[in-house]
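The values are calculated or read from the model by the stated rules, or taken from the named source; none is laboratory data. All values reported here derive from a predicted model rather than from experimental measurement. Please note: Cβ atoms are built from the backbone with ideal geometry, for glycine as well, and neighbour counts cover all protein chains shown. Heads up: the accessible areas ignore ligands, DNA and RNA and are worked out on the full protein's heavy atoms, side chains in. Shrake-Rupley method; radii C 1.70, N 1.55, O 1.52, S 1.80 Å.
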Amino acid sequence: MFLLYNLGVWQTLTILLIPTIYLLRRSIKIIYFNVLQSILKRRVKFSDCYSGKLKYVGGIDISFIKDDAVNACISLVVLDLDSLETVFSRNKMIQMTCEYIPGYLAFRETPHISKLLKEVQEEYPMFYPDVLIVDGNGRLHKKEFGLACQTGVTCDIPCIGVAKNLYQMDGCLRDDEHKTAINNLKIPGDKFEIRNKDETVIGCALRTTAASTKPVYVSEGHRVSLKTACEVVTKCSKFRVPEPVRLADILSREALRQLEKK
């Protein structure tokens, strides 16, 4: 208080108002996000809405420079779903322009995912993925509209959300019952439904491989049913995390390591 007194009236007011202004801006931003989410959610489809066979499956990952919440590397890896061989990959450095707000990850990452997919569609349309897996949730979200949903709707691409940890919310907790259900997953493809407080099925805990005892959490993003999402994720998993996302993660982290050496 002594310090504030000696700074003068205007300096003191400025110091006191900065947190208030920040909170006000954040509140306005959240209101805007909620409105936009509601608009986009009207277009989401939690059923199989694609033509032909799903031939190419893509995985997206974003890795950040250590102790840096702004500069990151985004990577896309596209695999042949049958052979799991890589047919295309690309990574690029990006700068985040939106702060991370829990529950609104899509507003931070989707613009960069959308831009990368557009580049691939224009330059290498023959390798554009038929279905995309993102490292995050889709319907398994407090508003049933997570990163995979917003990415799918924005890019109009079949999209699947795969998360390594359970998105906990009302009616959806990692309690003893949940842990017991995990222990009952014995073989690849075993799964159990995740429901919200309204008893709506919003995702599945899925065991992807025989060696992995921890499940991943799969949910519909857009234009893919939960059944198809689980089948695709199981089919393209050699380890716990499905190959497209796992390889995209490796690619982005290696790019950052090479950058640090320069």
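Some notes on this structure:
- The simple Förster model, with R0 at 25 Å and r as the Cβ-Cβ distance, assigns residue 100 and residue 53 a FRET efficiency of 0.10.
- C-alpha long axis of helix 9-41 to longest principal axis of the chain, angle in °: 30
- Think of it as helices only: each DSSP H run of n ≥ 4 in the chain is worth -39500 (n - 2.57), and spread over all residues that comes to -13000 deg cm²/dmol at 222 nm.
- Helix 105-123 axis versus longest C-alpha principal axis of the chain: approximately 50°, rounded to the nearest ten.
- Annotation for region 104-129 versus region 160-236: alpha-carbon center distance of 26 Å.
- Apportionment of accessible area to carbon and sulfur, the chain, percent (1.4 Å): 56
- Mean projection area, nm², convex hull over Cα of the chain: 18.5
- Look at the alpha carbon pairs under 8 Å that are at least 6 residues apart: their mean separation over the length of the chain gives a relative contact order of 21 percent.
- Taking the inverse of the mean 1/r over every pair of distinct Cα atoms in region 31-176 gives a Kirkwood hydrodynamic radius of 16.1 Å.
- Per-selection Rg to Rh, region 38-82 - Cα, Kirkwood hydrodynamic radius: 1.15
- In summary, the lysines within cross-link reach of residue 29, defined as a Cα separation below 20 angstrom excluding same-chain residues under 8 places away, comprise 41, 142, 143.
- Each 10 Å bin from zero up to the one holding the largest Cα-Cα distance in region 93-146 carries the following percent of pairs: 20, 45, 29, 5.
- Calculated P(r) tail over 17 Å for region 136-177, as whole % of Cα pairs: 33
- The C-alpha atoms of region 200-262 occupy a region whose extents along the principal axes are 50, 29, 18 Å, arranged from largest to smallest.
- Residue-wise HN-Hα couplings along region 236-252, as the Karplus relation 6.51 cos²θ - 1.76 cosθ + 1.60 with θ = phi - 60° gives them from phi, are 9, 10, 9, 10, 4, 8, x, 3, x, 6, 4, 6, 5, 5, 4, 4, 5 Hz; Gly and Pro carry x.
- Note on region 146-232: Kirkwood hydrodynamic radius from all Cα pairs is 13.3 Å, rounded to one decimal.
- Comparing 121, 178, 167 along the charge dipole axis of region 101-191, the residue lying farthest to the positive side is 178, per the Cβ-charge model.
- Heavy atoms of the protein chains alone define the surface here; on that basis the chain has 54 Å² accessible area per residue at 1.4 Å probe size.
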